[in-house]
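Notes follow once the structure below has been shown.
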Amino acid sequence: ETQLLRALSNTPLQVDCSFLMLETHISKNTSQTHLNKFYVTFDEIRRKRFDGMIITGAPVEQMPFEEVDYWKEVSEIFDWARTHVTSTLYICWAAQAGLYHFYGVPKYPLPQKMFGIFKHKVYDHQNPIFRGFDDEFYVPHSRHTEVRKSDIEKVPELTLLSESEESGVYMVMARGGREFFITGHSEYSPYTLDTEYRR
């Protein structure tokens, strides 16, 4: 669609890529100077529309959602994304938070941290998100909590796209592909995985 519009208008493609910081949370790992230079607040983008959005995890998964200091703000961003973003990826804690916020899917503590690289199955080979994937593929996981297949299956609006026998639910789709909830870390490089292991 973007290529077609560009060809029709014969104008340079404009890309608006924003990194969002939360106003109700003070980062412990990133300096405020860095955030102010490279990030924007929700108020600065709330009137814009985007093709895609990625909402990542946070090391707060063992806390009840409502006890996270920025839960109200992140919930507002989740709701905003439904009307201002074409497709949203919720990753790791954000996947659990999004499933809870929109569909009431609970999270459960694990007896020990789920950490490693696990084999996953694809359930919908025709879904474009799996273009180029094998029938089985490997994904890193690093988490202390989980969402369960039995709870996903109780919600008619949710489709389980992929899971692992060892690490459980991996990818859930909603709203015809406008929302994806991804519990693992496909984005991890070997170095990131090593750092997470040592941590």
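Table for the structure above
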| quantity | calculated |
| --- | --- |
| The range 145-163-the range 36-81 distance, computed between alpha-carbon centres (Å) | 23 |
| Percent carbon-and-sulfur accessible area, the chain, ignoring ligands, DNA and RNA, probe 1.4 Å | 51 |
| In the chain, lysine pairs closer than 22 Å at Cα, eight or more apart or cross-chain | 14 |
| Over 13 Å [Cα-Cα, the range 98-146], rounded percent | 69 |
| Largest-first principal axis extents of the Cα set of the chain (Å) | 52, 41, 36 |
| Inter-probe distance in nm under a simple model that places probes 7 Å from Cα toward Cβ, at Arg199 and Lys113 | 0.9 |
| Percentage of interatomic Cα-Cα distances in the range 46-106 larger than 16 Å | 41 |
| For the range 76-90, Karplus couplings with θ = phi - 60° (6.51, -1.76, 1.60), whole Hz, Gly/Pro x | 5, 5, 4, 5, 4, 4, 5, 10, 10, 10, 5, 9, 10, 9, 9 |
| Mean accessible surface per residue for the chain, computed with a 1.4 Å probe while every protein chain stays in place, in Å² | 63 |
| Computed magnitude of the charge dipole of the chain (debye, nearest 20; Cβ of K, R +1, Cβ of D, E -1) | 300 |
| Mean-position separation - Cα centroids, the range 166-181 and the range 105-125, in angstrom | 12 |
| Ordering of 68-75, 166-173 by packing [mean C-beta count within 10 Å, highest first] | 166-173, 68-75 |
| Value at 222 nm in deg cm²/dmol, rounded to 500, when DSSP H runs of n ≥ 4 in the chain each add -39,500 (n - 2.57) | -8000 deg cm²/dmol |
| Whether the range 94-182 is rounded, prolate or oblate, judged on the alpha carbon gyration tensor where a/c under 1.5 counts as rounded | oblate |
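The values are calculated or read from the model by the stated rules, or taken from the named source; none is laboratory data. From a predicted model like this one, the values you see are computed outputs, not experimental measurements. No Cβ is skipped: glycine too gets one built from the backbone with ideal geometry, and neighbour counts run over all protein chains shown. Heavy atoms of the whole protein, side chains included, go into the accessibility calculation; ligands, DNA and RNA do not. Shrake-Rupley method; radii C 1.70, N 1.55, O 1.52, S 1.80 Å.
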